[in-house]
Amino acid sequence: MSLNGKIADQEGKVDWLEAIPNPDHDDYGYAEFYDSIGTTIQGYTTYQQIIDWDIPFPYAGKENFVLTRKKDLKFNDDVQFISAEPLGFIKALKKEEGQDVWLIGGGQVNTLLWDEGLIDELIVFVMPIVLDGGIDLFEGFPKRNQLKLIESKGLNSGAVMLHYML
């Protein structure tokens, strides 16, 4: 996210991330993290943005769920669309054995799951940029909750990794 808490710009784009210098060509631990997850959850707007990149679906091989209010969407090879009882679905999913679940976003889904106590851990990379508007990490006014800092790490790019547990 940007220094002012934006996960996308006003148009929902994240191409501003490419402007962040990365002299070490660091993947910020992404490969190791990605290997630790078995499932992704994202909102429909986030999913649509990924599809609009016109690249192969980046989470193939994982179990992928898209939360949406749209009722007429059909499952495809990459994702299952969840429109009915998303909170009940996610509560049941969390009880299953397996690898971790990655909540990709966006802000609406983040707040929905945060307010229901369905987020256990938060890893955020704060990028050295301030955006002039955009999508917040949490939309609206999420419930207050105290976090415990597990780790923080400054990177040569100027980004800072913050790892919290609830």
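Every read-out reported here was derived from the displayed coordinates using simple, explicitly stated rules and does not represent laboratory data. No experiment lies behind these values; they were computed from the predicted model shown. Backbone-built Cβ (ideal geometry, glycine too); neighbour counts: all protein chains shown.
Could you give the size of the charge dipole of segment 77-166 about its Cα centre, using +1 on the Cβ of each K and R and -1 on the Cβ of each D and E, expressed in debye and rounded to the nearest 20?
400
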Of Lys62/Lys95; Lys91/Lys143; Lys62/Lys91; Lys70/Lys143; Lys62/Lys94, which ones are farther than 21 Å apart at the Cα? Lys70/Lys143
Surface/4 of the Cα convex hull for segment 6-165, nm²: 10.2
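If you take every DSSP beta bridge whose two residues both sit in segment 6-165, what share of them, in percent to the nearest 5, is antiparallel?
On the way: 14 of 27 bridges.
Looking only at bridges with both residues in segment 6-165, the antiparallel portion is about 50 percent.
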For Lys6, list the aspartates and glutamates whose Cα falls under 17 Å from its own Cα; do not include residues on the same chain fewer than 8 positions away. Asp15, Glu18, Asp132, Asp136, Glu139
Let me know the longest stretch in the chain that avoids all GluC sites (Glu not before Pro) found in a DSSP loop with at most 11 other C-beta atoms within 10 Å. 12-95
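Helix-only estimate, please: 222 nm mean residue ellipticity of the chain, summing -39500 (n - 2.57) across DSSP H runs of length 4 or more and dividing by its residues, to the nearest 500.
Values: 4 runs with 35 residues, N = 166.
-6000 deg cm²/dmol, from helical runs alone.
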In whole angstrom, how far apart do the alpha carbon centroids of segment 131-161 and segment 82-120 sit? 19
Let me check against my output: what whole-number percent is the relative contact order of the chain, with C-alpha pairs under 8 Å and at least 6 apart? 32
Convex hull per residue volume in Å³, alpha carbons only, for segment 1-71: 138
Candidates per chymotrypsin sites (Phe, Trp or Tyr not before Pro) in segment 24-123, loop by DSSP, up to 12 other Cβ within 10 Å: Trp53, Phe75
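Set the Förster distance to 45 Å, then compute FRET efficiency between Glu151 and Ile51 from the Cβ-Cβ distance, nearest 0.05. Display every interim value, and only then the final one.
Details: r = 33 Å, r/R0 = 0.73.
Given R0 = 45 Å and the Cβ-Cβ separation, E is 0.85.
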Residue by residue, what Karplus-based ³J(HN,Hα) values in Hz, rounded to whole numbers, does segment 88-100 have, using 6.51, -1.76 and 1.60 with θ = phi - 60° and x for Gly and Pro? x, 4, 5, 4, 5, 4, 5, 7, 6, 6, x, 6, 5
